[in-house]
1. Could the peptides 8-19, 255-266 be put in order, highest first, of the mean number of other beta-carbon atoms found within 10 Å of their residues?
2. Determine the shape class of the stretch 206-352: with a ≥ b ≥ c the square roots of the Cα gyration tensor eigenvalues, call it rounded for a/c under 1.5, and otherwise prolate if a/b is greater than b/c, oblate otherwise.
3. Would you please give the residues with an amide H less than 5 Å from that of Gly53, counting only those at least 5 places away or on a separate chain, with H modeled from the backbone geometry?
4. What accessible area per residue comes out for the chain, rounded to a whole number of Å², with a 1.4 Å probe?
5. Out of residues 5 or more away from Trp77 or on other chains, whose amide H comes under 5 Å of its own, with H placed 1.01 Å from N in the peptide plane?
6. When only C-alpha pairs under 8 Å and at least 6 residues apart count, what is the relative contact order of the chain, in percent?
7. Ranked from the most accessible area to the least, with a 1.4 Å probe and all protein chains present, what is the order of Arg302, Arg186, Arg239, Arg96?
8. Rounded, prolate or oblate: which fits the stretch 115-184 when a ≥ b ≥ c are the square roots of the eigenvalues of the alpha-carbon gyration tensor, with rounded for a/c under 1.5 and prolate only if a/b beats b/c?
Amino acid sequence: MTENDFVPAAYTHSIQEGFVTWKAPSNIALIKYWGKTGTQIPANPSISFTLDGCATTTTLKYRKMSLPNEAFSFEIWFEGSLKNAFKPKIETFFKRIETYLPFLKDYHITIETSNTFPHSSGIASSASGMAALALCLLDLEKQLYPAMDPLFFYKKASFIARLGSGSASRSIEGALVLWGAHQETRGSSDLYAIKYPYQVHKVFEDYNDTILLVEEGEKQVSSSVGHDLMQGHPYADRRFAQAHENISKLKDVFASGDLTEFIAIVESEALTLHAMMMTSRPYYLLMKPNTLSIIDTIWEFRRKSKTHVCFTLDAGANVHLLYPESEKEEVIQFIKDELVVYCENGHYICDGIGLGAQKM
Ligand code: PMV
């Protein structure tokens, strides 16, 4: 498919006003997206687990104007308060998607949004937030064109979410999702994410993710700055090739349930992401001393306990602990005994793999 396939033909129905609510989850990448070109085209493919508990709920209220607006007419509310600070980001998003959702200027739009996780937790809400908003907009488009194919609905929701935030494209469906063209993965595309199309061993069906909140609050360097620093980065080409190779390797791992190899790939991806930050110009560090202490403690515990707990990181200091359901009791005890001391205010969030966004 190409971008043009997402430009709609004439709508068949007219809608005056109404509202719609969608809840979209966050996701955690196993193979990291880091670097992009053009309009949110990833420099390499990525794979993520869709989460379950960490999510954004968004209500979109729409009222048709008597004449189409010159500019976008909208307001945004976050957890009960009007948030004008969020408007520029949404304005940029609307400009990017207007060609694909040409009804936008016909309506006054009110966006009401809230997260299940604390705003201060350092968990990025852009993936779940943009996914929830994209689904609400697609829902309105489906009312204007009820003949829309259900499969196309999810594809276009992912396409639109991607234009808001790359990783948001992976927050529409569950449980294992791939975004970005990968030669050996059928149906993969740079334009939208797909459900992982191959066999997945049952050990991954109920995998756990406990997020250790090492540093609450805003991170110092945004992801968009980080993506841009991959342009002209001395290791960029090798890194992009490595992501392709790791996705190929994961295919066997997902089929066999080989957790030793899973751990080796996932931890290497996390550390490579941060190595890219440390070797860009300007270079920077998002890990904190407690991030490293946690990693060391996990390695020591894994050696002693013979469990399969491993870590991954996103673009921040927090640590995601991934482990199979059968080891949950032992790992939770380990977190309480040895890792909570490294968490800011002792905070951590227990989550697990989820099945994707839901209409409320
Ligand atoms: O979607 P963005 O632009 O916030 O980038 C996300 C990048 C990582 O979280 C670090 C990796 C990923 O694939 O989610």
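1. Final packing ranking: 255-266, 8-19.
2. Oblate, since a/c reaches 1.5 and b/c is not below a/b.
3. Gly352
4. 44 Å²
5. Lys83, Ile111, Glu112, Thr113
6. Reported as a whole number, the value is 24 percent.
7. Arg186, Arg96, Arg302, Arg239
8. Note, shape of the stretch 115-184 comes out oblate.
The values are calculated or read from the model by the stated rules, or taken from the named source; none is laboratory data. As the structure is a prediction and not an experimental result, all values here were calculated from the model. Counting neighbours? That spans all protein chains shown, and the Cβs are built from the backbone with ideal geometry, glycine included. Accessible surface areas use protein heavy atoms only, side chains included; no ligands, DNA or RNA. Shrake-Rupley method; radii C 1.70, N 1.55, O 1.52, S 1.80 Å.
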